[in-house]
1. What do you reckon, how do 351, 24, 301 stack up by accessible area (1.4 Å probe), largest on top?
2. Under 20 Å from a point placed 7 Å out from the Cα of residue 759 along the Cα-to-Cβ direction: which residues of the stretch 271-299 have their backbone N that close?
3. At 1.4 Å probe size, put 362, 274, 394 in order of accessible surface, largest to smallest.
4. Under a 1.4 angstrom probe, counting protein chains only, how are 697, 224 ranked by accessible area, largest first?
5. Could you list the square roots of 5 times each eigenvalue of the Cα gyration tensor of the stretch 132-175, that is, the equivalent ellipsoid semi-axes, sorted largest first and rounded to whole Å?
6. Is the stretch 652-705 rounded, prolate or oblate when judged by the Cα gyration tensor, a ≥ b ≥ c being the square roots of its eigenvalues, rounded requiring a/c under 1.5 and prolate requiring a/b larger than b/c?
7. Binning at 5 Å from 0, report for the stretch 111-264 what percent of all alpha-carbon pair distances ends up in each bin.
8. Express in % the proportion of alpha carbon pairs of the stretch 224-276 at distances exceeding 12 Å.
Amino acid sequence: MFKNYFKTAWRNIRRHKAYSSINILGLAIGIAGCMLILQYVSFELSYEDFQQKKDRIYRVQQDRYDNGKISTQWAAGAFGVGNAFKAAIPEIEDYVKVIQNDRVTAEVRNQPVKIEKVYFSNASFFNIFTYPLIAGDKSTALKEPFTAALSASTAIKLFGTTNIIGKSLQLNRKDNYRVTAVYRDAPVNTQIKPDILLSYATFQKWTTDSTGHGPETAWQWDGCLTYLLLHNGADPAVVEKKLIPVVKKFTDDDMKKFNAGVIYHLQPLNDIHLYSHYMMEPGENGDGKTVYLLLGIAFFIVVIAWVNYINLATARAITRAREVGVRKAVGSQRSQLIIQFLSESAVLNAIALVLALILVVLAIPGFNAVSGQHLSFSLFAKSGFWLGLTALFLIGVFFSGLYPAFVLSGFNPVDVLKGKLVNSGQGSLLRKSLVVFQFVASLFLLIGTVIVYQQIQFMRRQSLGINIDQTLVLPRPQVGIDSTFLQRITAFKQELQQIPSIQRITVSTSIAGEPVGWNAGGIKLVGQDESKQKQYRVIGVDYDYIKTYELKIIAGRPFDRSFGSDKHSVIFNRMGIEHLGFNNPKEAIGKKIDFWGDQYTIEGVTENFHQLSLREAYEPLILRLIPDVNGSISLKISASNVSQTILSVKKEWDKLFPGNTFEYFFLDDHFNDQYKADQQFGKVFGIFTGLAILVACLGLFGLASFTTLQKTKEIGIRKVLGASVVNILNLLYREFAGLLAIAFFITVPLAWLSSNSWLQNYNFRIGMHWVYFLLPFLLIVLIALLTVSFQSIRAALANPVNSLRTE
C-alpha cells in the first residue's frame, strides 16, 4: 500500500515539474540555511566541551569598587586568591593559576621565531584542564623553576619532533628552560590556546622579594587568571558565598582605608566564551545574544520554507479538486487521501533534504570565510546531527504536509464533480496569516540587517579623537633587553628621523585598538584622604606621543623637553579629570597627585579619545611621561613610497635589534580589527536575510497563483465589461497591499525592541531613525510586487474568452 502511495506521489511530482522544482528549491534553501546556522550555533556553544571536568571548573572573576561604585571588572584577579581559597574552602578540590606572558622569541637554525601564546601556570594545569600529554608526566611537569611544556605544533616548529623531554629551550636569547612535557594542540573551541606553558615557579622566582613577599600572598596585585576545580556535588553558589569571609580576612584593612571593595564571583567554564567580556580575557569571546539571535533566524528561514510549501500546495487545491472527487467517488477513504498527500510531502522534503546537504557541503568553505568561524564536516560524523536532521525532516513533513492534506482530502466529491467547489473562509484566513508571517519575518530580518550595517558604519566613521591614519606600528623588541637597550631605542629613533618619508616617531606602552595594560590604583590628589584614592588606566609615553597622535589639549600644555620638570608630570584625559573630582579641566592644571609613593604635577588635559572601539565607554586615562619608555614604536609616514619606507625601517631594525623578528602593522587596520566580529555578524545576518526573502518570494508566488486561479472568471468578466490591465492589476495587488500593511505594523515594534536591545551592547550607538524601518518596508513592497506581478500581469493580459471557459 505504502509503495503505491509513494509511486503516486513521485508521479505527481514528475507531472508538475515547475511546481515541484519551486517547492523543492524553497525547502532546500530553507533547510540548508537552517543547517548552516545550526552548525555555527553548535560551534559557539561547544566551547570547552572537550574539557572532561568542565562541569566542575569555575573561573574566579573580580569586581573592584571605589566609593561603593564598580571601578574595574577583571577576568584576572589577585595572585593570592587561589591558594587562599583552597586552604579555607573544603569544596575546592584543586586550583590552577594562569598568567598571560608577553609573546617571546625563540630561534630555529639561527632565525628568530615568534611565539604568540605564552602563559605561566602551575602543575595543576594538566590535572584540571584536558590537554592530553604526548610526552612527560603531568604530576611533575611545570613543578620546578625554569621548566616548560610545549604544544605539539610548537615542538615540531622549534625542534622538528615531539621527542624533546629534557631538552633546553632558550627564549628571548636570555633564559633557558628545560622541557618537561609536550601536549596536544588545543582545539579551536577553547579560550586558552597555549603554545608554551612556563612554570609558575619561574614567575614566583622572578617576583618574590628578599623578604619573601611574592605573588602567593598578593591581594592587591591583579593579573592572575584563577580556575577552581570543585569536588563532585559541590554547589558553586555555596562556594561563592564562602569566598566572602576569605576575601574580607585578607583585604578588609586596606579596603576600609581606601574606601574600596572587592567581590569575587565564580564563572562556569562553559559560560565564559559567550557571556564574559572583562579586562584581561585570555582570548576573543563571542556574544550570547548574537548566537541566539541567529538561532531565531534559523527558525524563521525553515518555517518560511514550510509556509511556502503550504501556500503552493493549497494554491494547487483547485487544480487537484477533481482528482480528489474521482478518488472519493470510487471509494477512497479520507485517511487514505491524507496519507497520500503526506507521502507527497515526504518525498518532496526528502529530495529537498538531500539537495540541502549538498548545498551545505558546497557552502561551508565560503561561509567560514565570511563568518570567520571554523565549521567543518566533522559535524556530519556526530549521531546527534543526524538525529536532529531526522527530527527536522519529520517535523517538516508533518507541519508542511498536514494542512494541505486535510484541505485536499476534505472536498465533497459531489460538489467537486459538479464544479461547485467553495473555498473555506478559515482556509483563506490561514493562508493569508501565513503570508503575513512571511512578510513579518522577512521585514524583521531586513530591518535588522540595515541597523547592524548602520551601526558598523557609524563606528567606523566616527571621529576617534586620535589620529591613527598613516601610522606604522612596530611591536616592542623582545630580545636583547639589557643595559644598552634604551640607548639603542634612542639611536633607532634618531636614525628613523633621517628618513624623509617618516614625519613623526613616538614610543608608548599602549596603542589605540588595544586595552591599556597598566591599571593603577591608589591615585589621589596630594593632601586628600586615602579614601579618595581611585583607579586609572595609565599609558607610559614619550615627549612626542601627543603631537604624533594629534590629541586635542583642552587645558594646560603637552609634554615639552624645554621643561626640565616634565619627568614628574602627567596629563589626564577629560574623563580622568572628572574622575579626580574636577568639573572644569583648567582647575586641575598645576595640581599634584600621589602616584605610588611619588608626586606628579598635572600639566595638561586632553579631550577624551577612543582607546578602544566605540563598543566601549571612555576610560579615565593618565598619560605619564617616561622619556626612555620601552613599548610599541609608532611612525607617522607619508602615503608615497610606503614599501620603500618599510624597507628602510627594517634595515635600521635589523642593525639595532638583532635576533628580533621584524613585524609591523598599520594602526588603522589594527584598530578596525575590533569591528571584525561585528562585520562578520552583519555579513552572516545579511546572507540569511537574503535567503529568507528568497524563500518568502516563492511563498508569494504560491499565493499569487492561488489568487489568480480563484479570480480567473472574475477577471474575464471585468475585461469583457471594459476593465483595463491597470484596473485588473489593482484588483490583484489590493489583497497583498493589505497583508503588507498588517505585517508592517506587527514588525515595527518587534524590530524596534530587538534592535534597541542589541544596540545596548554599544556605548556609542546610532539612534533609532524612522528611515531604518521605512526603507526596508519599501524594499519588501517592491520585491513583493515583482514576485506577484509575474502571475498577475499574465492573468490581466489573458484572453477573457479563455478565462470564462475555466468554469
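1. Values: 351 55, 24 25, 301 0 Å².
The residues order as 351, 24, 301, largest area first.
2. Flagged as within label range: 289-291, 293-294.
3. Working: 362 130, 274 10, 394 105 Å².
Greatest to least solvent exposure: 362, 394, 274.
4. Details: 697 25, 224 0 Å².
Correct descending sequence by accessible area is 697, 224.
5. Numbers: eigenvalues 55, 48, 12 Å².
Each semi-axis is √(5λ); the values are 17, 15, 8 Å.
6. The shape class here is prolate.
7. It works out to 2, 8, 15, 17, 16, 14, 11, 8, 6, 3, 1, 0, in whole percents.
8. 71
The values are calculated or read from the model by the stated rules, or taken from the named source; none is laboratory data. Since this is a predicted model, take the numbers as computed values, not measurements. Quick reminder, even Gly has a Cβ in these numbers, built from the backbone with ideal geometry, and neighbours come from all protein chains shown. Just the protein is used for accessible areas: all its heavy atoms, side chains included, with ligands, DNA and RNA removed. Shrake-Rupley method; radii C 1.70, N 1.55, O 1.52, S 1.80 Å.
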